Amino acid sequence: MRIRCPFCGERDNGEFSYLGDAAPQRPDGLDASAAAMHDYVYLRDNPAGTIRELWYHAAGCRSWLVVTRDTRTHAIEAVEPARDVARARRSGEAA
Ligand SMILES: [Zn+2]
């Protein structure tokens, strides 16, 4: 599988470290309940299809990326800098 880093271009996936599903958001600070933290830490979906995942370009630009990938075919639909996704997420919350 090859990943097109928005900063470095197309690279072998061996240059990247996989973190997992990009969807879960950490509950807010000390107000988070134990159940909410449990869900955040342990519960993940395992879809057969499109998923957004966090990847780290460890052997390249050291950027965190959000890769939209089909788990059945490994076809990559999009690669975005994680900071852009986080900013869009925050601006969506503010609206
Ligand atoms: Zn890169």
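Total residues in the range 7-25 satisfying the condition of being away from the ligand (no atom under 16 Å from the Cβ) and closer than 18 Å to CYS61 by Cα: the figure is 0. All of (1) surrounded by fewer than 11 Cβ atoms within 10 Å (Cβ to Cβ); (2) within 13 Å of the ligand (Cβ to nearest atom) hold for ARG4 with one exception: (1). Yes or no: ASP28 open to solvent by less than 70 Å² (accessible area, probe 1.4 Å), modelled with pLDDT under 95, of a type in the set (Asp, Glu) and away from the ligand (no atom under 12 Å from the Cβ)? In short, no.
Only residues that are closer than 23 Å to GLN25 by Cα, within 14 Å of the ligand (Cβ to nearest atom) and open to solvent by 30 Å² or more (accessible area, probe 1.4 Å) were counted across the range 55-75, and they come to 4.
The values are calculated or read from the model by the stated rules, or taken from the named source; none is laboratory data. Only a predicted model underlies this, so the values are computations on that prediction, with no experimental measurement involved. No Cβ is skipped: glycine too gets one built from the backbone with ideal geometry, and neighbour counts run over all protein chains shown. Surface accessibility is based on the protein's heavy atoms, side chains included, excluding ligands, DNA and RNA. Shrake-Rupley method; radii C 1.70, N 1.55, O 1.52, S 1.80 Å.
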